[in-house]
Amino acid sequence: MSEQRTIDVAATQMLDKAKEIGFLTTFDRAKAQEPRCTFGNTGICCRICLQGPCRILPKKPGGNKGICGAADYTIVARNTVRYIAGGAAAHSDHGREIAQVLLHVAEGHNHDYKITDADKLMRVAKNIGVETEGRDVMDICKDVASAALAEFGRVDETQELTWLNAYSPEERLDVWRKTTIMPAGINLSLAKLLHQTHIGVDADPINIIFGGLKAALCDFNGQHLATDLSDILFGTGVPVVTEANLGAIKADKVNIALHGHNPLLSQMVVNAAKEMQDEAKAAGAAGINLVGICCTGNEVLTREGVAIATNFATQELAVMTGAMDAMVVDVQCIMPSLRSAAECFHTKIITTMPIMKIPGSYHFAFDEDHAVDSAKEIIRLAIEAYKNRDQAQVNIPNIKNKVVAGFTLEAILNIFGKINPENPIRVIVDAMEAGEIKGIAALIGCNNLKGTHDHNHTAMARELAKNDIFLLAGGCSAQAHALAGLMNGDAVKEYAGEGLKKFYARLNAAAGLTEELPLMFHTGSCVDYSRQQDFINLVAKEMGVSIPEVPYVVSAPEAMSEKAVAIGSWNVAYGNAVHVGVIAPTVGSQLVNDVVTKVAEDVFGGFFFWEPDALKAAARTVEIIEERSWKIAMRKKALQAQEAE
């Protein structure tokens, strides 16, 4: 019996097609990398200087340290925090680009973009201390955008990041200040961390890890401002009904995939496509069909209801359908192999950002001043490609599932507000205190082909739902659930425990939506994870506890990228328990591994735990949630007894 590569039936069909035409996919390349290097897997391979690479052999005299004398704990700590630096740079640079465009809109220099959600602008302005009373909207917008850009260049270390300060509980801020990880500027923190981990600088693993956590908090800050400013520019998502899987690709239409992470161009493509349907029809198509891949897909899903075609690990397979006319990519999680896949078909791979090019692809240099024109040019290229489509090669799996998504924090509170208009967050707190639901889990992260594609994501979701855990989801994890048919009301009936079903029944009765609520609430892209933390902050405040006491666990069942390391690290600093479904490259040092899985809890209240087995991970997640719930209940009883005396 052959090893199962993916749980997705549509993806399996396309993998069979790839084999027929002789194209080696990411699944084949992952297999070819086995067996993987033990030194790299455990984090004890150092490549920071040109004397190496140095591989640590603990029992070999001379080989138990690097050439410079660096011990395993120094090497593992440096490698780990450099992942954080890369991830924080990616999310934060995304945020900087959004802030730059918003500033140009406020200054009147850009007319292709506009303020779509003025109410969100006012809320953000108030939260970060920008005066709004009696002021022009554009002046307020300019101050908000300028405040965001100031987060990057600040060098005065006596100051603190504005967004982090505005959106974090005082208790957390105090912890970060005492542990010296409260950052002043994003660029400053990242530069210092790279300096700190250069050969011959810091050898203290604890100090190195604290430098990494400072960068991780920059990641949260960059994410939060990116989400806020994107909502202001493009609108804050509300629940939408759409579909997911390769069946969302239409044989009779010009198909364009929006792939990557930055919505600046993809949103313009969505807008332009609405106006250009007749051009596609003139070319013989029934119209233009847009689908999403990865987090650009999540952005336009949340705001526009664009269907999801697939997620990270199976992005090549969208091309294999033979009906993908163009794939528009911006930054992050884009496989260079897409161009190779496109050579087998008529698909145009179109890169759009100056820091992301693929040899042989079309490059449309994104220009924010002419964003609409760029979007129209891209769509016209796709229409021309459609004319050259070989219909004999079209093979679209007839598989798709209903998706209910678009659960921004505002949307969630609006739904809860149908039950308790005065205090919406009280709705979920009441459900937890009554034992109807045990707690909350966030399912996040990407794909990692060290395991079966999407298996851990969906297995975790089903098991947690069965145990009455309220689920949030985002990133490619959310797409895994959407592809598998778990993001709709039918999945609640099939997989939710009795308590969770009662909770959903009450929400459905009050919400007045046209569709029943899904098994998990899709909060958006990976840059939108601050929505989840803001939600937990509100829960903690309402429960009267600190964040490390909230019955909440974050799970990245198939963590893959540097961004995942940064996200997990700021979650730990916030006080959250974080599950990772692959063995992290910290196990090469017992000291470092103990710090991040045990000691971290003593300092921050949060910690990592590694567990590749989804069912074991789910059991541990439930155990953590139940333990935190029990402690809250015991404290409440003790206080009641004390008051009764």
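Being of a type in the set (D, E), more than 19 Å from the chain's Cα centre (by Cα) and not in a strand (DSSP E or B): is that true of D219 here? So D219 fails the test.
Considering the range 416-496, the qualifying helices (runs of 4 or more DSSP H), each wholly inside and each with 1 or more residues that are small (G, A, S), surrounded by 24 or more Cβ atoms within 10 Å (Cβ to Cβ) and at positive phi, run over 475-483. When G247, G260, G237, G222 are screened for being touching an Asp or Glu at 6+ places or on another chain (Cβ under 7 Å) and touching a residue at least 12 places away in the same chain (Cβ under 8 Å), only G260 passes. Among the residues of the range 497-515, count how many are assigned to a helix (DSSP H, G or I) and either in contact (Cβ under 8 Å) with a residue 24 or more places away in the chain or surrounded by fewer than 19 Cβ atoms within 10 Å (Cβ to Cβ) (or both). Qualifying residue count for the region: 13.
If you check V550, V545, V580, V554 for being within 19 Å of A77 (Cβ to Cβ) and either hydrophobic (A, V, I, L, M, F, W, C) or without any contact (Cβ under 8 Å) to a residue 60 or more places away in the chain (or both), only one passes: V580. Among all positions in the range 69-78, there is no residue which is assigned to a loop (DSSP other than H, G, I, E, B), charged (D, E, K, R) and not assigned by TED's automatic domain parsing to the domain that holds V527.
Yes or no: the range 240-263 includes at least one residue that is in a helix (DSSP H, G or I) and either within 30 Å of D594 (Cβ to Cβ) or under 19 Å from the mean Cα position of the chain (by Cα) (or both). Within the range 240-263, one or more residues are in a helix (DSSP H, G or I) and either within 30 Å of D594 (Cβ to Cβ) or under 19 Å from the mean Cα position of the chain (by Cα) (or both).
For every residue, the table says whether it meets (1) in contact with a Gly (Cβ under 7 Å, 6 or more places away or on another chain); (2) more than 30 Å from Q393 (Cα to Cα); (3) part of a helix (DSSP H, G or I).
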position: T12; (1), (2), (3): no, no, yes
position: L15; (1), (2), (3): no, no, yes
position: E20; (1), (2), (3): no, no, yes
position: G40; (1), (2), (3): no, yes, yes
position: I48; (1), (2), (3): no, yes, no
position: P58; (1), (2), (3): no, yes, no
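Restricting the range 299-322 to residues that are within 23 Å of H455 (Cα to Cα) and not hydrophobic (A, V, I, L, M, F, W, C), which is nearest to the chain's Cα centre (by Cα)? Out of the qualifying residues, it is N311. Residues in the range 317-337 that are within 21 Å of R29 (Cα to Cα) and either surrounded by fewer than 23 Cβ atoms within 10 Å (Cβ to Cβ) or among the β-branched types (V, I, T) (or both): V319, T321, I334, M335, P336, S337. Would you check which residues across the range 387-402 are among the polar types (S, T, N, Q) and crowded, with 20+ Cβ neighbours inside 10 Å and list them? Selection gives N401 alone.
From the list L190, L217, L213, L161, the lone residue that is in contact with a Pro (Cβ under 8 Å, 6 or more places away or on another chain) and under 18 Å from G568 (Cα atoms) is L217.
Could you tell me whether the range 495-503 includes any residue that is closer than 26 Å to N298 by Cα, of a type in the set (D, E) and not assigned by TED's automatic domain parsing to the domain that holds I308? No: the range 495-503 contains no residue that is closer than 26 Å to N298 by Cα, of a type in the set (D, E) and not assigned by TED's automatic domain parsing to the domain that holds I308.
Across the range 17-46, the number of residues qualifying as surrounded by 12 or more Cβ atoms within 10 Å (Cβ to Cβ) and of a type outside the set (A, V, I, L, M) comes to 16. Scanning the range 620-635 for residues that are among the aliphatic types (A, V, I, L, M) and under 26 Å from the mean Cα position of the chain (by Cα) returns V622, I624, I625. Scanning the range 560-600 for residues that are more than 20 Å from F39 (Cα to Cα) and either in a loop (DSSP other than H, G, I, E, B) or touching a Leu at 6+ places or on another chain (Cβ under 7 Å) (or both) turns up S569, W570, A573, G575, N576.
Taken residue by residue, the range 187-200 has no member that is among the hydrophobic types (A, V, I, L, M, F, W, C), farther than 24 Å from Y73 by Cα and crowded, with 20+ Cβ neighbours inside 10 Å.
When residues in the range 596-621 are screened for being hydrophobic (A, V, I, L, M, F, W, C) and either buried (at least 21 other Cβ atoms within 10 Å of the Cβ) or touching a Gly at 6+ places or on another chain (Cβ under 6 Å) (or both), 8 of them pass.
Note on the range 516-534: residues that are surrounded by fewer than 23 Cβ atoms within 10 Å (Cβ to Cβ) and either aromatic (F, W, Y) or more than 25 Å from the chain's Cα centre (by Cα) (or both) amount to 0. Taking each residue of the range 360-374 that is in contact (Cβ under 8 Å) with a residue 24 or more places away in the chain and within 28 Å of A341 (Cβ to Cβ) and looking for partners that are small (G, A, S) and in a loop (DSSP other than H, G, I, E, B) with beta-carbon atoms closer than 9 Å, six or more apart or interchain, yields S374/A365.
Residues that are closer than 14 Å to V306 by Cβ and either modelled with pLDDT of 95 or more or touching a helix residue (DSSP H, G or I) at 6+ places or on another chain (Cβ under 7 Å) (or both) occur at least once in the range 214-236.
The values are calculated or read from the model by the stated rules, or taken from the named source; none is laboratory data. Remember, it's a predicted structure, so these values are computed and weren't measured experimentally. Cβ atoms come from the backbone with ideal geometry, glycine included; neighbour counts cover every protein chain shown.
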